[in-house]
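See below for the structure under consideration.
The values are calculated or read from the model by the stated rules, or taken from the named source; none is laboratory data. Note that the structure is predicted; figures quoted are calculated from it, not measured. Side chains included, ligands, DNA and RNA excluded: accessible areas come from the protein's heavy atoms. Shrake-Rupley method; radii C 1.70, N 1.55, O 1.52, S 1.80 Å.
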Amino acid sequence: MHSSNDNNNPVVVVLAAGQGQRFRASGAQTGKLQAQLHGRSVLEHTLAAVAASGLRAVLVENGPHWHSAGMGHSIARGVALSPDASGWLILPGDLPAVAPGSLRAVAQALQAQGGVVRPQVEGRWGHPVGFSAAWKAQLLQLTGDTGAQSIVRAAQAQLHVLALDDWGMLADTDTRADLAAVADRWTQRRV
């Protein structure tokens, strides 16, 4: 196996600009990314998994000079912030239990096969979805709250399904019940 420098690796775009309305609606006092899980925020866990994967990350958050108009807008922002990447792994910030090895597996499949790599866990679609640089123009055109589903559909001929065994790729924390379920399962598998 040959080693490659950082520029050949895709960049993980961590989406952290959402409103988290479902989480607050479920009775939470904070946004889902700030919610505590085993002593750290959900977002800190997600970022720690990316750091442990060895992949470069771009964090897309609301700030004084930029505010997300939805998931598509956030994805376009992350791609624009890393224009020289060989590809992008689109990772919602609310997946605190995603395994670093799963991120590497998606990145490696993307490097080997190009196109679009979509992980599947137990028959369900997971995150992150990987896009090669060939899809840069389409990713940059995403707007509003429409994610990259249209690109995934357009890429059918170049879509590579990657079967992985990582429940953390499915375990988003949209509600307090979701967070409790992740916390429960987390203690059972403690890394």
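Restricting to Cα pairs below 8 Å that are 6+ residues apart, what does the relative contact order work out to for the stretch 1-83? Please round to a whole percent.
Numbers: 84 pairs, mean separation 33.0, N = 83.
The value is 40 percent.
For a test of the definition: using alpha carbon positions, the gyration tensor, and the 1.5 limit on a/c, classify the stretch 152-191 as rounded, prolate or oblate.
On the way: a/c = 6.58, a/b = 2.05, b/c = 3.21.
The shape class here is oblate.
For the stretch 112-175, report the translational diffusion coefficient in µm²/s to the nearest whole number, using Stokes-Einstein at 4 °C, 1.567 mPa s, and a Kirkwood Rh over Cα pairs. Numbers along the way, then the final one.
Numbers: Rh = 12.7 Å.
For these conditions, the coefficient is 102 µm²/s.
Could you run the Karplus curve 6.51 cos²θ - 1.76 cosθ + 1.60 with θ = phi - 60° over the stretch 101-113 and give me ³J(HN,Hα) per residue in whole Hz, x for Gly and Pro?
Per residue, the Karplus-derived 3J(HN,Hα) values read x, 5, 4, 4, 5, 5, 4, 5, 5, 5, 5, 6, 10 Hz.
For the chain, what is the accessible area per residue in Å² when the probe is 1.4 Å? Numbers along the way, then the final one.
Details: 9420 Å² over 191 residues.
Here the residues of the chain average 49 Å² of exposed surface.
As a test, work out the antiparallel percent of DSSP beta bridges whose residues both lie in the chain, rounded to the nearest 5. Let's see the in-between values first.
Details: 11 of 25 bridges.
Antiparallel bridges: around 45 percent, rounded to the nearest 5.
Using just the alpha carbons, could you tell me how many Å³ per residue the convex hull of the chain encloses? Walk me through the numbers on the way to the answer.
Details: hull volume 23.5 nm³, N = 191.
Convex hull of Cα atoms, per residue: 123 Å³.
How far is helix 42-53 tilted, in degrees, relative to the longest principal axis of the Cα atoms in the chain, given as a value from 0 to 90 rounded to the nearest 10?
The helix 42-53 is inclined about 40 degrees to the chain.
Among DSSP bridges having both ends in the stretch 80-191, what percentage is antiparallel? Round to the nearest 5. Please list the in-between numbers first.
Numbers: 8 of 13 bridges.
So the antiparallel bridges in the stretch 80-191 amount to around 60 percent.
Carbon-plus-sulfur fraction of the accessible area of the chain, 1.4 Å probe, in percent? Could the numbers behind the result be given before it?
Working: 4620 of 9420 Å².
The value for the chain is 49 percent carbon and sulfur by accessible area.
Is the shape of the stretch 39-86 best called rounded, prolate or oblate, per the rule: a/c under 1.5 gives rounded, else a/b larger than b/c gives prolate, else oblate, with a ≥ b ≥ c the square roots of the Cα gyration tensor eigenvalues?
Values: a/c = 2.52, a/b = 1.25, b/c = 2.01.
The shape class here is oblate.
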